[in-house]
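What follows is a set of notes on a single structure, which appears directly below.
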Amino acid sequence: MDFFEILEILGTSTFAISGALFAIEKRFDPFGVFIIAFVTALGGGTIRDVLIDRNPIGWIHNVNYIYVVIVSTLIAIIFRKSIGKFSRSLFLFDAIGLGMFTIIGVKLGFDAKLAPIICIALGTMSASFGGIVRDLLCNETPIILRKEIYATASIIGGTVYFLLKTYENPYIINYLVTISIVILIRVISVKYHLSLPTFYKKR
């Protein structure tokens, strides 16, 4: 297992826990919690793989991802009371997953020899589209459609990755810096209530 595969496993786990916590907060039954964890963890990657014609799709080819989702969901359920406040835990795991899946999508696009802007778009889809499916299933407005800085963090992170590739850095450094940038932007934007400008008048 190389470093990239470790990132995929960790990213899947963090997003699965994020989705499970979200579903628990909504008071879903155990099966509902698993479904939300599943689509949060693997939904974005599935859409990405379909778009780049990656065959077979990642989690179909490697059943270990299913096991990761199952174990992560059980951890979230069993330790739901000791994890801490749901909103804080949900945000933390979601931010980490956002960073990890951004670099995963960007790298897969790069490996497929796609244009940088397409790679960045794939990274953004990988990181945020699972959350869109989660929110829609939970009857919530997807966070990516609100004024919060979410997908923007992925776009900036993907751009940073290609800037770093112009230098002869070890690939692990490029991965870690990209992930850290995405997480940092997300954390700072929430902590200081930063958001994208809108053109709507206040009511």
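Annotation: of all residues in the range 80-94 being farther than 26 Å from residue 180 by Cβ and of a type outside the set (Gly, Ala, Ser), the one that is modelled with the highest pLDDT is 80. Scanning the range 16-37 for residues that are more than 17 Å from residue 140 (Cβ to Cβ), surrounded by fewer than 24 Cβ atoms within 10 Å (Cβ to Cβ) and among the hydrophobic types (A, V, I, L, M, F, W, C) gives 31, 34.
When the residues of the range 52-69 are narrowed to those that are in contact with a helix residue (DSSP H, G or I) (Cβ under 7 Å, 6 or more places away or on another chain) and assigned to a helix (DSSP H, G or I), which ends up most open to solvent (accessible area, probe 1.4 Å)? Taking the candidates together, the pick is 59. Restricting attention to the range 184-193, the residues that are open to solvent by 40 Å² or more (accessible area, probe 1.4 Å) and in contact with a helix residue (DSSP H, G or I) (Cβ under 7 Å, 6 or more places away or on another chain) total 3.
Do you know which residues across the range 1-45 are closer than 17 Å to residue 176 by Cα and out of contact with any helix residue (DSSP H, G or I) (no Cβ under 7 Å at 6 or more places or on another chain)? Break it down stepwise before answering.
Let us first name the residues in the range 1-45 that are closer than 17 Å to residue 176 by Cα, namely 2-12, 14.
Hits for the range 1-45 are 2, 5, 6.
Residue 106 meets all of the listed conditions (1) touching a Gly at 6+ places or on another chain (Cβ under 6 Å); (2) without any contact (Cβ under 8 Å) to a residue 40 or more places away in the chain but one, namely (2).
Mind checking whether some residue in the range 81-90 is aliphatic (A, V, I, L, M), open to solvent by less than 40 Å² (accessible area, probe 1.4 Å) and under 30 Å from residue 28 (Cα atoms)? Yes. Give me the residue from the range 111-131 that is free of Cβ contacts under 8 Å to residues at least 40 places away in the same chain and closer than 18 Å to residue 45 by Cβ and, out of that set, surrounded by the most Cβ atoms within 10 Å (Cβ to Cβ). Here the answer is 123.
The values are calculated or read from the model by the stated rules, or taken from the named source; none is laboratory data. If you're wondering where the values come from, they're calculated on a predicted model, not measured in any experiment. All Cβ positions, glycine included, derive from the backbone under ideal geometry; neighbour counts span all protein chains shown. Just the protein is used for accessible areas: all its heavy atoms, side chains included, with ligands, DNA and RNA removed. Shrake-Rupley method; radii C 1.70, N 1.55, O 1.52, S 1.80 Å.
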